[in-house]
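Below is one structure; the comments refer to it alone.
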Amino acid sequence: MGRSLLQFRAADGQRGVALLADGRARRVLGVDSVRALARRALEAGDDLAATAERAGLGVPVDLDTVRLLPPIDHADPAHLMLSGTGLTHLGSAEGRDAMHRAAAADPAPTDSMRMFRMGVEGGKPAPGEAGVQPEWFYKGDGSGLVASGEPLVSPAFARDGGEEPEIAGIYLVDADGTPVRLGFALANEFSDHVTERGNYLWLAHSKLRPAALGPELWLGALPPDVRGTSRILRDGAVLWEKPFLSGEANMSHSIANLERHHFKYAPFRRPGDVHVHFFGTATLSFSDGVATRPGDVFEIEAAPFALPLRNSLAAAPPTDPTVRVL
């Protein structure tokens with residue numbers, strides 16, 4: 001039986017956590033955040049689902065009457081890191097390769113294609129062995145985390161605001177510095193593909209954007225073959241729609257290899273920190289020539305997640321920050 005955890009804010013403003021199973025959400029008593037429940041589970045040496053049930057399950061939660069929050073957050077957003085890996089899925093190199101080849105006008109394989117091939121050859125090492133390291137990028141801290149139903153706000157200087165339908169791993173670093181995976185979430189790793197296309201070295205700029213998480217924290221192992229749909233609505237009609245695949249059966253890297261190369265860095269093992277790590281995608285509307293605009297709505301859905309991820313695109317007003325000298 002698949003189970004998920006939800007975070008929500010009730011009409012009276014109070015936060016809560018619910019356990020979702022068989023289409024029914026019931027409030028977990030005595031906790032107001034998944035992070036608090038995870039700390040309790042670590043102290044008890046038990047898993048999240050068992051800890052939630054031991055805390056006690058209250059009355060059913062009507063999800064239509066509460067505001068669903070991201071399935072993980074941190075009271076101090078600076079202690080939540082958003083990061084990700086790219087070129088990790090079979091088929092994920094074509095769009096990136098074409099993008100960078102057009103900019104370089106060079107018949108030689110691009111860095112993207114070389115990195116993709118490295119992943120295919122060495123991204124799923126045998127147990128106990130180290131695989132090839134993937135592409136890695138930083139997206140920001142917890143202030144950039146967006147819930148389903150909230151707008152994804154693109155900065156005024158952005159050249160594009162494009163969806164990336166993905167699965168994200170959710171982690172809490174234990175008191176002894178051990179990263180602990182809490183579960184998985186459906187995600188939109190929102191990026192600026194026009195900026196990235198301009199120059200591969202602008203990839204870091206293109207990734208410094210907010211990102212959305214679906215409402216559910218899926219507990220336990222991720223199915224090896226995840227199949228979903230990504231679509232864009234404009235003025236209420238479907239502008240673009242395409243299936244997307246994830247899970248290790250459709251990836252050139254194992255999840256364990258991606259985790260190993262993220263958490264090998266000591267600063268990422270700071271006790272109490274939360275990490276949201278995006279595992280990549282092979283499906284982009286940008287690769288099909290779609291140019292998004294404010295008001296468009298991104299919809300992402302995939303089993304085993306029962307609830308979709310839906311966000312509209314918005315644009316931030318222009319700013320002109322200056323540096324003051326003391």
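The values are calculated or read from the model by the stated rules, or taken from the named source; none is laboratory data. Predicted model only: the values in this text are computed from it and were never measured. Heads up, the Cβs are rebuilt from the backbone with ideal geometry, glycines too, and the neighbour counts pull from every protein chain shown. Calculation scope for accessible area: heavy atoms of the full protein, side chains included, ligands and nucleic acids excluded. Shrake-Rupley method; radii C 1.70, N 1.55, O 1.52, S 1.80 Å.
If only residues of the stretch 1-19 that are open to solvent by 60 Å² or more (accessible area, probe 1.4 Å) and in a strand (DSSP E or B) are counted, the one that is farthest from residue 182 (Cα to Cα) is 9. Within the stretch 241-260, can one find any residue that is free of Cβ contacts under 8 Å to residues at least 12 places away in the same chain and among the basic types (Lys, Arg)? The answer is no, given that none of the residues of the stretch 241-260 is free of Cβ contacts under 8 Å to residues at least 12 places away in the same chain and among the basic types (Lys, Arg). Kindly provide the set of residues from the stretch 262-299 that are in a helix (DSSP H, G or I) and either modelled with pLDDT under 95 or under 19 Å from residue 162 (Cα atoms) (or both), ordered by number. Answer for the stretch 262-299, where residues must be in a helix (DSSP H, G or I) and either modelled with pLDDT under 95 or under 19 Å from residue 162 (Cα atoms) (or both): 286, 287, 288.
Return only the number of the condition from (1) in contact with a Phe, Trp or Tyr (Cβ under 8 Å, 6 or more places away or on another chain); (2) closer than 23 Å to residue 145 by Cβ that residue 288 does not satisfy. Going through the list (1) in contact with a Phe, Trp or Tyr (Cβ under 8 Å, 6 or more places away or on another chain); (2) closer than 23 Å to residue 145 by Cβ, residue 288 breaks only (2).
All but one of (1) surrounded by 14 or more Cβ atoms within 10 Å (Cβ to Cβ); (2) modelled with pLDDT under 95 hold for residue 249; state the number of the condition that does not hold. Unmet for residue 249, out of (1) surrounded by 14 or more Cβ atoms within 10 Å (Cβ to Cβ); (2) modelled with pLDDT under 95: (1). In the stretch 304-321, the residues that are among the hydroxyl-bearing types (Ser, Thr, Tyr) form Cβ pairs under 6 Å with partners that are surrounded by 10 or more Cβ atoms within 10 Å (Cβ to Cβ), at six or more places apart or across chains, as follows: 312/151; 312/297. Just to be sure before I move on: is residue 164 modelled with pLDDT of 95 or more and either among the acidic types (Asp, Glu) or open to solvent by 10 Å² or more (accessible area, probe 1.4 Å) (or both) in the structure I sent? Yes: the conditions hold for residue 164.
Only strands (runs of 3 or more DSSP E) whose full extent lies in the stretch 123-216 are considered here, and the ones with at least 2 residues that are within 30 Å of residue 3 (Cα to Cα) and touching a residue at least 60 places away in the same chain (Cβ under 8 Å) are 137-141, 145-147, 165-173, 179-188, 211-213. Hey, does the stretch 184-196 have a residue that's closer than 20 Å to residue 281 by Cβ and open to solvent by 40 Å² or more (accessible area, probe 1.4 Å)? No, there is no match, as no residue in the stretch 184-196 is closer than 20 Å to residue 281 by Cβ and open to solvent by 40 Å² or more (accessible area, probe 1.4 Å).
When residue 22 is tested against (1) open to solvent by 60 Å² or more (accessible area, probe 1.4 Å); (2) of a type outside the set (S, T, N, Q); (3) under 21 Å from the mean Cα position of the chain (by Cα), only condition (3) is not met.
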